[in-house]
Amino acid sequence: MCREVDLQQAVLAKNDATAHSLRAGLTARGTTVVNLLSSPGSGKTELLERELARACERGVPVAALTADLATENDAVRLARSGAPVKQVLTDGLCHLEAGMLGRHLDNWLPDGTRILFVENVGNLVCPASYDLGETLRVVLASVTEGEDKPLKYPTAFGLAQLVVVTKTDIAEAVDFDEAAFRAHVQQVNPGVEVVLTAARRGEGVGTLLDRALAAGEGAPVHTPVMARQHPYQQHTHTHGDMGAHDDTHTHRDHGAHGASHTHTHAHTGIHTHTHPDLGTHEHPHTGPHAHAHPDEPLVMTPVPDSAAQYRS
């Protein structure tokens, strides 16, 4: 038999404490953090570049931190706006965490920054569970992703404080049903505002900046029902019959950010993953599998430093 110890709650509790401290520190500095979540290819970077440029035109001190698994392309692109930009390379990690954000802001965030936009890794699964100390959490979806996107990713959309639809200039071409999308958003997150944008035409550009400024000045921010009831969903993993061994399987969650373990051995069996957004699936698993013994420390995989700061 295999006894399982789930570290998800412990990891999230530690992240929440760090996020709370980070939020308090940034608020004291007069900085409002906006956490941007979306799938890859949603047009998030395009819209953010134009929001940064609009802020610079209006004389609003802003900065942006952008995260990707690899390449510095987005930082180079965002720096064209004239705003201070920093790239974070996660080296395979599928999301940002509050501690990572805090380390990358140390000795970098310019004094007097009113709005810090954080472009999270393109992913609507893992980032949804991690508070970054933001004042405003924004989830974006393009018209090409379909009207049922909120139903497929209920945690991400259910915890959003603002939902932004991008690429509306091609909505007719892809037969996007705006009414259906809005209905699905309200189904998972009643009362949240939905904003329409077409960045290349300039439509809706500046709205995100306005909402961030208002939040920083104390205007009411939407509180999702899901956040009040159960802010974070869990990943759970179970293993089938592993043969004649009895030990403890310790893990964080399903993703590229797993922990390093002190003992590894081979096993053959069925590996079952259950995820709130993805459902349950099984697959055979043969090969090395890591197990941490109760009396031994768990060593987490270190996060690499980010790339250098960028400016246009």
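Values in this text are rule-based calculations from the coordinates and carry no lab data. Nothing here was measured: the structure is a model prediction, and the numbers come from that model. Glycine also receives a Cβ, built like all others from the backbone with ideal geometry; neighbour counts cover every protein chain displayed.
Residue by residue, region 63-80 carries 3J(HN,Hα) couplings of 8, 9, 10, 10, 10, 8, 5, 7, 6, 10, 4, 5, 5, 4, 5, 5, 5, 5 Hz when phi is fed to the Karplus relation 6.51 cos²θ - 1.76 cosθ + 1.60 (θ = phi - 60°); x denotes Gly or Pro. Working from Cα pairs under 8 Å separated by at least six residues, relative contact order for region 18-116 is 36 percent. From most to least packed by mean Cβ count within 10 Å, the peptides 215-224, 76-85, 124-133 give 124-133, 76-85, 215-224. Counting only the Cα atoms, region 150-189 fills a convex hull of 67 Å³ per residue. Using the average count of surrounding beta-carbon atoms within 10 Å as a protection proxy, the listed peptides 88-94, 187-193 rank, highest first, as 88-94, 187-193. Residues GLU147, GLU57, ranked from the fewest to the most other C-beta atoms within 10 Å, line up as GLU57, GLU147. What does the net charge come to around LEU65 if you take all other residues with beta carbon closer than 9 Å to its beta carbon, with K and R at +1 and D and E at -1? Charge balance near LEU65 sits at 0. Taking every C-alpha pair closer than 8 Å and separated by at least 6 residues, the mean separation divided by the residue count of region 95-137 gives a relative contact order of 67 percent. Rounded to whole Å, the principal axis extents of the Cα atoms in region 1-134 read 62, 34, 21, largest first.
Global dimensions of region 30-231 from alpha-carbon coordinates: Rg and Dmax equal 15.8, 47 Å. With the cut-off at 1.5 for a/c, could you classify region 149-229 from its C-alpha gyration tensor as rounded, prolate or oblate? Oblate shape, in that a/c is at least 1.5 and b/c is the bigger or equal ratio.
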